[in-house]
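To start, the structure under review is shown below, and the notes come after it.
The values are calculated or read from the model by the stated rules, or taken from the named source; none is laboratory data. Just so we're clear, the structure is a prediction, and the values are computed from it rather than from any experiment. Ideal geometry is used to build each Cβ from the backbone, glycine not excepted, and the neighbour counts take in all protein chains shown.
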Amino acid sequence: MDNKNSNLQAEIVRMSGVNPRKCMRCGKCSATCPAYDEMEYHPHQFVYMVENGELEPLMKSKSIYKCLTCFACVDRCPRGVEPAKLVEAVRLAVIRQQGKNHLKPEDIPPIVDEDLPQQAIVTAFRKYAK
Amino acid sequence: MQVNEYKPLIVAFCCNWCSYAGADLAGNNRLSYPDNVKIIRVPCSCRVNPMFVLRAFQRGADGVILCGCHPGDCHYTSGNYYTRRRMALLFSMLDYLGIERERTRVEWCSAAEGAKFAQTMNEFTEAVAALGENKRLEDLRCKE
Amino acid sequence: MQRIGVFVCWCGTNIAGTVDVKRVAEALKNEPGVVYSDNYQYMCSQAGQDMIKNAIHEYKLTGVVVCSCSPRMHETTFRKTAAAAGLNPYMVEIANIREQCSWVHKDMEAGTEKAIILGRAAIAKLNLNTPLTAGETPVTKRALVIGGGIAGIQTALDIADAGFKVDIVEKKPTIGGKMAQLDKTFPTLDCAACILTPKMVDVGQHENIRIFSYSEVTDVKGFVGNFDVTIKRKARFVKEDVCTGCGLCMEKCPMKKVPNEFNLGLDNRTAIYIPFAQAVPKVATIDPNYCIMKKTGKCGLCSTVCTVGAIDYNQQDEIIEEKYGAIVVATGFNPISMDKFDEYAYSQSKDVVTSLEFERLMNAAGPTQGTLLRPSDGKHPHTLVFVQCVGSRCEACAEKGKEYCSKICCMYTAKHAMLVRDKYPDTEVYVFYIDVRTPGKNFDEFYRRAVEEYGVHYIKGMVGKVAPEGDKLMVQASDLLDNKQLHIAADMVILAAAIEPDESARSLATMLTASMDTNDFFTEAHPKLRPVESPTAGIYLSGACQGPKDIPDTVAQAGAAASKVIGLLVKDKLTGNPCVAESNELMCNGCSACEKVCPYGAITYVDKEFRMPDRTTRVRRVAQVNPAVCQGCGACTVACPSGAMDLKGFATSQIMAEVDAICK
Amino acid sequence: MQRITREMLTSKAISLLNDGTVSAVLGWREGEFSYDLTPSLFYTAEDIEQNFVFNDFCGANFSKYLVTKTLGIEGKILAFLKPCDTYSFNQLLTEHRIDRSKVYVVGISCDGMADISKIRAITGDGISSISCEPDGLKVQTIYDDEPKTVSYEDAMAERCICCKSKKHVCYDELIGEEGEENPDCNRFGKVAELEAMTPDERFAFWRGELSRCIRCNACRDVCPACTCEKCVFNNPNSGAENKAPATSFEEQMFHIIRAFHVAGRCTDCGECSRVCPQHIPLHLLNRKFIKDINTFYGEYQAGKEVGSRAPLVDYTTGDLEPGQVFEREGM
């Protein structure tokens, strides 16, 4: 793993607050994922790839935009790994590499439904802001 | 007597079940460490009253080290957990009073870790020697 | 003032090579209290020991310091030597000048200096030694086993066979425990009832065993060899010594809609019941929550039909007090509740069952007489999905599952899958696993047979979701090795629920002052070397109360616990360690700090009357140490704010004296 | 100025005394000076009417007195406890030092007590009398004709400025309003300041402070955590006995040992610093332990609940190692 990649890996781990080493490879995240068939890389692979620093293919893959942020994987993971947060962090990393954020924070409140979960909103913006 | 290089006086409290046995093992394997380390045997590291540590400093010890079983391995199941809290607080307090923190140490050392015991004593002695004599806690009247 | 003799050992050249032993002996001559000092080649040899004995007589020594090898080596030797010469063995101190001096230092000058200092410290300590005698306590030759499952049964039988009286306390109406509910046992597939029930009969008929079924331990006092235990025998409203277990009452009882706990609620029983045919004691019990007579006062049918007049609606709880020398905890386990795992639709479909329920569904004595039928509609299932690790190996998310591996699930799931395929070849059986763990004799072979001979589909992955759809259960799962998400229309889903200690264990541990880990499993005195003993003396552990265990392990541990108990009960008296804590009542504040840190529950508080200087009396709460229970760690001595607590043999003043001698 | 008035307390005391609820009242009596109040037992209504005092100098923590005062008396003692006193009271209950059934606790709200040395710093020496007026303390000195006015704010004791809690954690009856805990009191500010110094600076600071110690033992004698039947400093077998040390060194030992003895049990009532005739900030030692305990083992307030397990007689398997103490602080 080159140095740049390991920095990025550390950054993703930091942003997500997830420790991918806690994964025990049970696959319950992938078993529970409603968008599984849409994805090239599946939730359990996500965790594994981040842990191994295989970030390039992950960031290039459309899979990261297929995650619905339904948090089923977060809810059901027996080890508390929280794959959805990793997905979110990878998406964020892509956006940061592009060096842009399309919306200003103050523009957001008028256009969102109040009942939407906060994280879903933020995620949606990241997802569709590519 | 000839003038030797400065040798700090180190008092080591070792629990009977792990660290004292570890020190014995260091002996069995002939792993040397400075002769200024003097070991006091206690049944468990939790027998070490903070007053013993203070007393040692008062009487001129330059460093005090406590050795016990690794957390979870205490012969008495929980003794070293209490030691850990007591010494964390005591050493933090001594540091707060301006006593060099390098003079105090807790090290967990099992009966199998003779090499670790010797190495710990070497390192600790070196660290204390670098500080020089304990002037801040020594009661000079005790030196007569 | 002590009269101390100092004996410096050469240990051949082991010590004498780096330490000038003669100079050490000479230097120590001038220490306070020393009246004699000498050196010899081998102090531990017969000649060396004789030298010590002679000196004790000749110089009227009150204490002996031996500068030699580690006390871990020869402290006992020299204590015996001293005792043989009429000296209290605890008036011997060892200065370790071999392992901790001559062997680790190269320089003769430095080694000798250090040896002198170590000798000086030992002398300083010995000056403050007092003769110590080990206390003796008698042993009550009767054991109590708490829990009547296979662990308790085996322990009780082994102890009873050795000729000691044993009482079993079981909270259910019958002994037998979880094993009585099982169908077949891995890896040999012999039927659980066939191997368990003969043992139950043995227990019931053994002259040395009493069974207190439908009973609970409510209080434990005392200590090793001398426990005073209070047992509550709950009223079963049937005279146990009169009932013949004929079962006529069960036939006639009009209240037939009581969930049958023996079959885990899969069918019903009557309000008066015998849990199962081979119950021991085979005595009926009235469930007061359902009995019409108990609830309304109108019925009395069972009393009418009972030919021996065993029914007694007015029976009261009975309190028994008994003395025991040893207590064995065998409280066992339970599967965890599936409430927190509703993704598996346990609450939504009757066809999602736990493995223990599945045992009953497969059992010839179970609700379906051993024919595998779906609980919902009684139809024969064709597709069965087994899910492993439900609630086991969960991260610290303790509110959901358990952090540990439940150990038995891999094997019983292989067993279930194999049995289903054996009996019903028209079925498809899927097992979803994270890892298959099969350490044990013939275990992996067993699991491989399930795959290779019986064609069970083992899939590496987990089930994420089960959704009832019509009469099917839609199982959504991952196949990690094939990197696919699977959708299986199943007829039944069987969950390998994690196991947890019985809920009674926590309160029992408090009563026994036995320690527990964070999962409420009892802690062993040493995880490797004393696996069947609790740190609290006289308390032994048998079976799954100490950690998840299968039947072979449980029986092995039960036997081990029994042998430890027998080892205790054969003694007439227990000799304690005299180096124990002692509380100075005059200085004790009664603050309970020592009680809180004592890992053995050796400290109790009593209210005691003291005469004050002004001739009034005052009642004060003071700590008392039970020397039979105290192991002498000294945690209490430091916790005590007033310094009332001290440790014999390692007294505060003694350690201070050592510090002073070293820092001189 | 206290919102609680003397009359509120005396009428309560007299009525409880008269109806037999209590057989004695623990209150304040005037001492040598008007600002020097002495805790004292009152047995009769007359005595209360004539001699009971309540003003801004009632800083004394009554809880310790109850340890001995409840012993030789029939019936209950009425004790007026300020919020901070109730913590000490609870702690003593936890340690079984007081029989709860012998005390009738009337919680009184507190607006912060005055510190005579702060007043003296403003007015100068020679204070002959002080009266508590609504607009401030009127201080009469023997050197001035007119009394000087010192505002309550300027006179307030340091420990009251960063009061940890105005809530009573134990009472049978309450006079005045119940307050709240104040987690933002910044009572560890000075400790953090010291921690940020170099070891040499800290040593110099403490040598300066502790060398003033005259070993009068007032700190120990007033401390509600120091109720041992026999103090280790008086016990020849404890290895720490010393009553009148000759060098400054032993003062240091004395204060370390004392602070460690009360660690985990000290409620931070601040009595040690209040009574110190040499104005040594002894509470900074205790607060260091409290701060460390809070950071190492989670928030713990001694005396908040009766029966709570003090941090030093408790542990978790994941506690931090003594060696990590300093890493953690980033030092």
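Within the set D:C266, D:C228, the sole residue that is out of contact with any helix residue (DSSP H, G or I) (no Cβ under 7 Å at 6 or more places or on another chain), buried (at least 17 other Cβ atoms within 10 Å of the Cβ) and away from chain B (no Cβ under 11 Å) turns out to be D:C228. Among the residues here, D:C160 qualifies as in contact with a Cys (Cβ under 9 Å, 6 or more places away or on another chain), surrounded by 13 or more Cβ atoms within 10 Å (Cβ to Cβ) and closer than 28 Å to D:L9 by Cα.
Rundown of residues vs (1) in contact with a Phe, Trp or Tyr (Cβ under 9 Å, 6 or more places away or on another chain); (2) touching a residue at least 24 places away in the same chain (Cβ under 8 Å); (3) crowded, with 24+ Cβ neighbours inside 10 Å, yes/no style:
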| position | (1), (2), (3) |
| --- | --- |
| C:D342 | no, no, no |
| C:T354 | yes, yes, no |
| C:L373 | no, no, no |
| C:H382 | yes, yes, no |
| C:V390 | yes, yes, yes |
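Regarding segment D:209-219, can at least one residue be identified that is at pLDDT 90 or above, small (G, A, S) and within 15 Å of D:P281 (Cβ to Cβ)? Yes, the conditions are met somewhere in segment D:209-219.
Residues considered: B:R30, B:R55. Of these, the only one that is modelled with pLDDT under 95 and over 23 Å from C:K648 (Cα atoms) is B:R30. Give C:G632, C:G576, C:G643, C:G649 a once-over and let me know the one that is buried (at least 22 other Cβ atoms within 10 Å of the Cβ), small (G, A, S) and within 22 Å of C:R79 (Cα to Cα). The conditions single out C:G632.
Please state which one of C:K549, C:K596, C:K528 is surrounded by 20 or more Cβ atoms within 10 Å (Cβ to Cβ) and either within 14 Å of chain D (Cβ to nearest Cβ) or part of a loop (DSSP other than H, G, I, E, B) (or both). The unique qualifying residue is C:K549.
Inspection of segment D:241-264 identifies no residue that is in contact with a Gly (Cβ under 9 Å, 6 or more places away or on another chain) and either part of a loop (DSSP other than H, G, I, E, B) or in the same structural domain as D:L92 (by TED's automatic domain parsing) (or both).
So which residues in segment C:582-593 are without any contact (Cβ under 8 Å) to a residue 60 or more places away in the chain and outside any loop (DSSP other than H, G, I, E, B)? Correct list: C:A593 only.
Given the conditions (1) more than 7 Å from chain C (Cβ to nearest Cβ); (2) within 21 Å of B:P8 (Cα to Cα); (3) buried (at least 24 other Cβ atoms within 10 Å of the Cβ), which single one is not true for B:A26? Status for B:A26: all satisfied but (1). None of C:L118, C:L128, C:L144 is in a helix (DSSP H, G or I) and touching a residue at least 12 places away in the same chain (Cβ under 8 Å) except C:L118. Hey, any hits in segment B:111-126 for a residue that's under 20 Å from D:G323 (Cβ atoms), of a type in the set (V, I, T), out of contact with any Ser or Thr (no Cβ under 6 Å at 6 or more places or on another chain) and assigned to a loop (DSSP other than H, G, I, E, B)? Within segment B:111-126, not a single residue is under 20 Å from D:G323 (Cβ atoms), of a type in the set (V, I, T), out of contact with any Ser or Thr (no Cβ under 6 Å at 6 or more places or on another chain) and assigned to a loop (DSSP other than H, G, I, E, B).
Of all residues assigned to segment C:61-75, at least one qualifies as being within 14 Å of chain B (Cβ to nearest Cβ), polar (S, T, N, Q), under 25 Å from C:I662 (Cα atoms) and touching a residue at least 40 places away in the same chain (Cβ under 8 Å).
Here B:C74 fulfils each of the conditions (1) at pLDDT 90 or above; (2) buried (at least 22 other Cβ atoms within 10 Å of the Cβ) apart from (1).
In the set B:A130, B:A111, which member is more than 10 Å from every other protein chain (Cβ to nearest Cβ) and in contact (Cβ under 8 Å) with a residue 12 or more places away in the chain? Being more than 10 Å from every other protein chain (Cβ to nearest Cβ) and in contact (Cβ under 8 Å) with a residue 12 or more places away in the chain holds for just one of B:A130, B:A111, which is B:A130. Residue by residue through segment B:49-79, note down the ones that are assigned to a loop (DSSP other than H, G, I, E, B), under 18 Å from B:N16 (Cβ atoms) and more than 7 Å from chain C (Cβ to nearest Cβ). Within segment B:49-79, B:C69, B:H70, B:P71, B:G72, B:D73, B:C74, B:H75 qualify.
The set of residues in segment C:82-102 being over 42 Å from the mean Cα position of the chain (by Cα) and within 14 Å of chain B (Cβ to nearest Cβ) consists of C:S102 alone.
Residues in segment C:21-41 that are in contact with a strand residue (DSSP E or B) (Cβ under 7 Å, 6 or more places away or on another chain) and in a loop (DSSP other than H, G, I, E, B): C:K29, C:G33.
Being part of a strand (DSSP E or B), facing another protein chain (nearest Cβ under 8 Å), on the phi < 0 side of the Ramachandran plot and surrounded by 22 or more Cβ atoms within 10 Å (Cβ to Cβ) is true of B:I39.
For segment A:101-116, the criterion of being charged (D, E, K, R), out of contact with any Pro (no Cβ under 6 Å at 6 or more places or on another chain), at pLDDT 70 or above and within 25 Å of A:C29 (Cβ to Cβ) is met by no residue. Within segment C:451-485, the set of residues being over 25 Å from C:P375 (Cα atoms) and not in a loop (DSSP other than H, G, I, E, B) comprises C:V451, C:E452, C:I459, C:K460, C:S478, C:D479, C:K484, C:Q485. Among residues that are assigned by TED's automatic domain parsing to the domain that holds D:S101 and within 21 Å of the chain's Cα centre (by Cα), D:F54 is included.
In segment B:47-64, of all residues being touching a strand residue (DSSP E or B) at 6+ places or on another chain (Cβ under 6 Å) and over 24 Å from C:C579 (Cβ atoms), the one that is surrounded by the fewest Cβ atoms within 10 Å (Cβ to Cβ) corresponds to B:G63. Kindly evaluate D:P322 against the criterion of being within 11 Å of chain B (Cβ to nearest Cβ) and touching a strand residue (DSSP E or B) at 6+ places or on another chain (Cβ under 6 Å). Considered against the rule, which asks whether it is within 11 Å of chain B (Cβ to nearest Cβ) and touching a strand residue (DSSP E or B) at 6+ places or on another chain (Cβ under 6 Å), D:P322 comes out as yes. Within segment D:272-289, if we keep just the residues that are free of Cβ contacts under 8 Å to residues at least 60 places away in the same chain and within 13 Å of chain B (Cβ to nearest Cβ), the residue that is surrounded by the most Cβ atoms within 10 Å (Cβ to Cβ) turns out to be D:L285.
Answer yes or no: is there a residue in segment D:164-184 that is at pLDDT below 90, within 30 Å of B:F91 (Cβ to Cβ) and either assigned by TED's automatic domain parsing to the domain that holds D:S273 or surrounded by fewer than 15 Cβ atoms within 10 Å (Cβ to Cβ) (or both). Yes, the conditions are met somewhere in segment D:164-184.
Just one of (1) without any contact (Cβ under 8 Å) to a residue 24 or more places away in the chain; (2) within 13 Å of the chain's Cα centre (by Cα) fails for A:D37. It is (2). Candidates in segment D:44-95 are the residues that are among the basic types (K, R) and over 30 Å from D:G136 (Cβ atoms); of these, the one that is surrounded by the most Cβ atoms within 10 Å (Cβ to Cβ) is D:K64.
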